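S.K.: Before we start, here is the structure in question, set down as structure tokens.
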Amino acid sequence: MDITVQITGQCPSGGHINFRVTTPKGVKDITLHKSDFQLEPDEWESALAIVLRSFIKESGLTNWAQIKTAIEGKVFKL
């Protein structure tokens, strides 16, 4: 699924950021707090699965040999 994100503003203190997210199902406005971007120590496995899935799709990898080579040669930052 392709998703585009536009930052539409932030609160005066900078703690909240407003986004307009466009998906195939429509447009949605959301607000996230800076803390929403922090990863808790016990969440890294779920986060890694999302990052890997996105990396594979964005890279256009189509078979396990390509995926193995690309993943093993990259450092992912969570």
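The values are calculated or read from the model by the stated rules, or taken from the named source; none is laboratory data. Since the structure is predicted, the reported quantities are computational estimates derived from the model, not experimental observations. Using ideal geometry, Cβ is built from the backbone for each residue, glycine included, and neighbour counts are taken over all protein chains shown. Surface areas here come from the heavy atoms of the whole protein model, side chains and all, with no ligands, DNA or RNA. Shrake-Rupley method; radii C 1.70, N 1.55, O 1.52, S 1.80 Å.
S.K.: Would you please list the contacts, defined by Cβ atoms under 6 Å and residues six or more apart or on different chains, that run from a residue in the range 41-52 that is closer than 12 Å to Phe76 by Cα to a residue that is open to solvent by 80 Å² or more (accessible area, probe 1.4 Å) and among the aliphatic types (A, V, I, L, M)?
M.R.: Taking only residues 6 or more apart or on different chains, the pairs are Trp44/Leu78; Ala47/Leu78.
S.K.: Something else now. I want to confirm something. Restricting to the range 37-78 and keeping residues that are β-branched (Val, Ile, Thr) and part of a helix (DSSP H, G or I), which single residue is least open to solvent (accessible area, probe 1.4 Å)?
M.R.: Checked the range 37-78; the qualifying residue least open to solvent (accessible area, probe 1.4 Å) is Ile67.
S.K.: Now for a separate question. Taking the conditions exactly as written (open to solvent by 70 Å² or more (accessible area, probe 1.4 Å), β-branched (Val, Ile, Thr) and in a strand (DSSP E or B)), does Ile17 satisfy them or not?
M.R.: No; evaluated as a whole, the condition is false for this residue.
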